[in-house]
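Nothing in this text is a laboratory measurement; each read-out follows from the coordinates by a stated rule. Everything numeric here is computed off the predicted structure, so don't read it as measured data. Here the Cβ positions follow ideal geometry from the backbone for every residue, glycine too, while neighbour counts run over all protein chains shown.
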Amino acid sequence: MTDIQQGQAAPSLDLPTDSGGRVSLASLKGRPVVVFFYPKADTPGCTNEAIDFSRLLPEFEGLNATVIGVSRDPVKKLDRFKAKHDLTVVLASDETGHVTEDWGVWVEKQLYGRTYMGIERATFLIDAEGRVARVWRKVSVKGHAAEVLEAARAL
């Protein structure tokens, strides 16, 4: 597992997005980027997190920041998720799993005594130079998007 540290260059990210688009960190160089990884579209915690980031998106955009949510869900599921909850953040699909593995968020998890592999809820704030400015691991959803916004303001 990759352990991404503050100050290092962010791993690459180039993925298909909702609505048939594509997003890459390389194309966003020169502006801050928030990448939040979430386990599964349309589940309670993931929905609340995406809604919170969407609600604060105008403030992130005021900082010239882009917000990208990444899961292993297929693009069609992301389209439905976005429409159902009126989400405004970019949702990217990592169906192959390369990005979640490169970013070190594909981890062993436990639920009800069962061990399985899944996405660790984690957020990375990338500065305009493409370096990792902040890392949040094992994110608790409540208040998280606001905390990330405060960190982005400090860049």
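Starting from one equal scatterer on each C-alpha and no solvent at all, send me the Debye-based log10 I(q)/I(0) for the chain at q = 0.18 Å⁻¹, two decimals. After summing over all Cα pairs, the log10 values are -1.08. Shown in residue order for region 79-93 are the 3J(HN,Hα) couplings computed by the Karplus curve 6.51 cos²θ - 1.76 cosθ + 1.60 at θ = phi - 60°: 4, 5, 4, 5, 5, 4, 10, 6, 6, 10, 6, 6, 10, 10, 9 Hz (x for Gly and Pro). Rounded to the nearest whole Hz, the Karplus-based 3J(HN,Hα) values (6.51 cos²θ - 1.76 cosθ + 1.60, θ = phi - 60°) of region 29-45 follow the sequence 4, x, 9, x, 9, 9, 10, 10, 9, 9, x, 7, 4, 6, 9, x, x, with x at glycine and proline. Each Cα pair under 8 Å and six or more residues apart adds its separation to the average, and for the chain the resulting relative contact order is 33 percent. Rounded, prolate or oblate: which one fits region 103-155, using the alpha carbon gyration tensor with axes a ≥ b ≥ c (rounded when a/c is under 1.5, else prolate when a/b beats b/c, else oblate)? Oblate.
Is the shape of region 1-69 rounded, prolate or oblate, going by the alpha carbon gyration tensor and its root eigenvalues a ≥ b ≥ c, with a/c under 1.5 for rounded and a/b larger than b/c for prolate? Rounded is the answer for region 1-69, as its axis ratio a/c remains below 1.5. Close amide H partners of Gly130, meaning residues 5 or more places away or on another chain with modelled amide H under 5 Å apart, are Gly30.
Shape summary of region 64-118, radius of gyration then Dmax from alpha carbon positions: 13.4, 43 Å. Here's how it looks for Trp103: its modeled amide H is under 5 Å from none belonging to a residue 5 or more places away or on a different chain. Using Cβ point charges alone (K and R +1, D and E -1), the dipole size of the chain about the Cα centre works out to roughly 260 debye.
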